[in-house]
Amino acid sequence: MKITIRYGEQLFIVDVSENIYLALDENRRKAENLYHEKRRHWDARAFDESIIAKESHHHSIYMETPEETYFRKEKFKAVYETLATCTPIQRERFLLYALDGLSFAEIARQQGCSKYAVRDSVEAVRKKLQKLLMDYPHESPLSGY
């Protein structure tokens with residue numbers, strides 16, 4: 001199998017064994033999972049810590065209003081409630097796809113089913129969430145006043 005390695009500014013294409021390829025791919029997936037895990041913990045920060053982090057990263061003075069905080073939390077709650085209405089298999093496949101970054105084929109191999117079954121499960125959850133988010137208010141009723 002061929003892989004591309006970046007060394008400084010140069011790219012090299014190298015032939016590696018399947019075991020090496022799988023180990024590198026697993027390492028890539030672990031790095032992606034760590035990134036997603038860090039992003040999930042970002043939302044769990046205390047409100048004050050979140051504001052400080054936003055200000056230091058964006059160099060802005062913007063602070064989320066209480067109304068925006070309320071509506072953001074309500075939207076997350078609605079998303080979690082919608083996920084709870086899905087079957088356990090649908091939810092697991094969707095989360096593996098959306099959060100862990102696995103492909104339909106990888107999930108299918110892991111669960112011993114076809115990639116089309118995985119795709120159908122992911123699509124069913126995606127449609128539910130899409131309908132929820134389309135029906136959900138994008139702004140607080142007080143915006144514009």
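What number of residues in the range 1-37 are hydroxyl-bearing (Ser, Thr, Tyr), loosely packed, with under 10 Cβ neighbours inside 10 Å and closer than 23 Å to Asp100 by Cα? Lay out the reasoning, then the answer.
Looking only at the range 1-37, we keep the residues that are hydroxyl-bearing (Ser, Thr, Tyr), and these are 4, 7, 17, 21, 35.
Okay, now just the ones that are also loosely packed, with under 10 Cβ neighbours inside 10 Å, so 4, 7, 17.
From what is left, the residues that are closer than 23 Å to Asp100 by Cα are 4.
Of the residues in that region, 1 qualify.
Taken over the range 95-134, the residue count meeting the criterion of being open to solvent by 30 Å² or more (accessible area, probe 1.4 Å) and part of a helix (DSSP H, G or I) is 24. The residue of the range 80-94 that is surrounded by the most Cβ atoms within 10 Å (Cβ to Cβ), among those that are within 23 Å of Ser114 (Cβ to Cβ) and of a type in the set (D, E, K, R), is Arg93.
The values are calculated or read from the model by the stated rules, or taken from the named source; none is laboratory data. From a predicted model like this one, the values you see are computed outputs, not experimental measurements. Ideal geometry is used to build each Cβ from the backbone, glycine not excepted, and the neighbour counts take in all protein chains shown. For the accessible areas, the whole protein counts, side chains as well, though only heavy atoms, and no ligand, DNA or RNA atoms are used. Shrake-Rupley method; radii C 1.70, N 1.55, O 1.52, S 1.80 Å.
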